[in-house]
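Working notes, structure below.
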Amino acid sequence: MAHCYKEATTVVHGNHEKNPSGALATPIFQTSTFVFDSAEQGGRRFAGQEGGYIYSRLGNPTTSVLEKKIALLEGGEDCVAFSSGMGAISATLLSILSCGDHIVADNTLYGCTFSLITETMPRFGIESTVIDLTDEAAFKGAMRPDTKVVYFETIANPSMKVIDIEAVAAYAHKVAPGCLVIVDNTFATPLLVQPLSLGADVVVHSATKYLNGHGDVIAGFSVSSQEIAGKVRMVGLKDITGAVLGPQEAYLILRGLKTLKVRMDTICANTLKVVEFLKQAPQVDKVFFPGLPEHPNYETAKKELKQFGGMIGFEMRSFEESKKVLNNVKLCVLAVSLGDCETLIQHPASMTHSMCTKEEIEAAGFSDRLIRFSVGLEDADDIIADLKQAFEAAEA
Ligand code: LCS
């Protein structure tokens, strides 16, 4: 699909299709089903001989506008919207994989995705090999000619690992023809990187985060070629998960998307200031941020990302101090999720990644001292002042 406009324009206008009613804002088609003109027409629509809507689990005009906009932003042919990020991820993987298939996944993933791949999918006979995808030897050792999927996150939750999409996709496609590279682009958003342009086959999102951006919707997307998206829609969404996005939520995401570019620019600028503060704070032992030259994947991040994003991890000197910071912030909000207007702070080991074992957490490169920080749209000085007072309280 041609990307005619620059991204700041695309987030506002999408493909510039006007609603036939003349409405500027996309109307909310709050309907479960659609009326056929005749029995013959209903039959033709079900047989795929005629376009048009049938039933909102299979498609809805409000949701379609949103899907087209996300496909444009990611540079994909098609997009399928879901009622959650996990809905998008599970429907995508289960549309592609069958009993006896093999998946290679990175060892740093959002906790529920990690459980899905390492615990749930093996129950259905799908074999998973979990390794550090930045370790070239481990990756090459894990790949098999019959590997069907390679799965990872652009900026990984919560260690902020950045994987070389181009290199991983090129090798996976070379040694395992037919293997699909699936990338979760939630942390980066299409404004920082478009994984499909670097060789990935599918991009998945938790739209709950930056894409919606206002902390009031749970949603997800799967973006790919028309062929793959057709399968994801007609198998993963229609038959397996049924995790369809409602038109009200689709509308809210369309509204949130209009400010994606200004939100991301402000969040990324704020984040650089917060990182600078964390680096010099004596109470902080380690900062996890891909824009720092000492970050192990700094070179990849510089090459791959237009900006370094709004997510930071940092470890205090002890678990006790980390806990005290979490309990002493006043402006920053103690809550999971990320990518909202409000700065959010949480503790991965006991919250988003509590389903991982101590060994799995260690392998993912963090500890129970890690605090994850999603920088918001407040004034950076106020965010920093809040952290400063929480650090002082943690020492007391
Ligand atoms: N992918 C990533 C990278 C995520 O961080 C999350 C949720 C999901 C997928 C799942 O999306 P959902 O179904 O929640 O829309 N991450 C969360 C987090 O870090 N805190 O709370 C949820």
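The values are calculated or read from the model by the stated rules, or taken from the named source; none is laboratory data. Given the structure is predicted, the values throughout are model-derived calculations rather than measurements. With ideal geometry, Cβ positions are generated from the backbone for all residues, glycine too; neighbour counts draw on all protein chains shown. Accessible surface is based on the protein model in full, side chains and every heavy atom, while ligands, DNA and RNA are left aside. Shrake-Rupley method; radii C 1.70, N 1.55, O 1.52, S 1.80 Å.
Here is how the numbers come out for the structure above:
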{"read-out": "Lys, Arg +1 and Asp, Glu -1 on Cβ, resulting dipole of region 7-257 about Cα centre, debye, nearest 20", "value": "460"}
{"read-out": "Summed side-chain charge close to K258 - residues other than K258 whose Cβ falls under 13 Å, Lys, Arg +1, Asp, Glu -1", "value": "+3"}
{"read-out": "Net charge of Cβ neighbours under 9 Å - reference T113; Lys, Arg +1; Asp, Glu -1", "value": "-2"}
{"read-out": "Full-extension gain in nm, A25 to E119, via 0.36 nm per residue minus C-alpha separation", "value": "29.6 nm"}
{"read-out": "Pairwise centroid distance, computed over Cα atoms, of region 289-360 with region 255-285, Å", "value": "12"}
{"read-out": "Spatial separation of Cα centroids for region 226-253 and region 21-49, in angstrom", "value": "16"}
{"read-out": "Mean Cβ neighbour count within 10 Å, used as a protection proxy, ranking 356-363, 113-120 highest first", "value": "113-120, 356-363"}
{"read-out": "DSSP bridge orientation in the chain - percent antiparallel, rounded to nearest 5", "value": "55"}
{"read-out": "Summed side-chain charge close to A393 - residues other than A393 whose Cβ falls under 14 Å, Lys, Arg +1, Asp, Glu -1", "value": "-1"}
{"read-out": "Of all accessible heavy-atom area on the chain, the percent that carbon and sulfur account for (1.4 Å)", "value": "54"}
{"read-out": "Order by protection proxy (mean Cβ within 10 Å, highest first), peptides 273-286, 217-230", "value": "217-230, 273-286"}
{"read-out": "Amide hydrogen neighbours beyond the local backbone of L334, cut-off 5 Å, H modeled", "value": "I345"}
{"read-out": "Residue-by-residue Karplus 3J(HN,Hα) for region 113-120, coefficients 6.51, -1.76, 1.60, Hz, glycine and proline x", "value": "5, 4, 5, 4, 6, 8, 10, 6"}
{"read-out": "Given charges at Cβ of Lys, Arg, Asp, Glu: the chain dipole, positive-most of L198, Q389, T120", "value": "L198"}
{"read-out": "Relative contact order of the chain, pairs being alpha-carbon contacts under 8 Å that are 6 or more residues apart, as %", "value": "18"}
{"read-out": "Prolate/oblate/rounded label for region 2-83 (Cα gyration tensor, a/c 1.5)", "value": "prolate"}
{"read-out": "Max mean-square fluctuation residue, GNM over the chain, Cα-Cα springs under 10 Å, options A47, A105, A380", "value": "A47"}
{"read-out": "CD proxy at 222 nm, helix term only [per DSSP H run n ≥ 4: -39500 (n - 2.57); per residue of the chain; nearest 500]", "value": "-10500 deg cm²/dmol"}
{"read-out": "Gyration tensor (alpha-carbon) shape descriptor, region 260-395, a/c threshold 1.5", "value": "rounded"}
{"read-out": "Gyration tensor verdict on region 7-257 (Cα atoms; rounded if a/c is under 1.5, prolate if a/b is larger than b/c, oblate otherwise)", "value": "prolate"}
{"read-out": "Packing-based ranking, highest mean first, of 204-211, 164-171 given that Cβ atoms within 10 Å are counted", "value": "204-211, 164-171"}
{"read-out": "Inter-probe distance in nm under a simple model that places probes 7 Å from Cα toward Cβ, at D239 and K258", "value": "4.0"}
{"read-out": "Solvent-accessible area per residue, Å², over region 7-257 with all protein chains present [probe radius 1.4 Å]", "value": "39"}
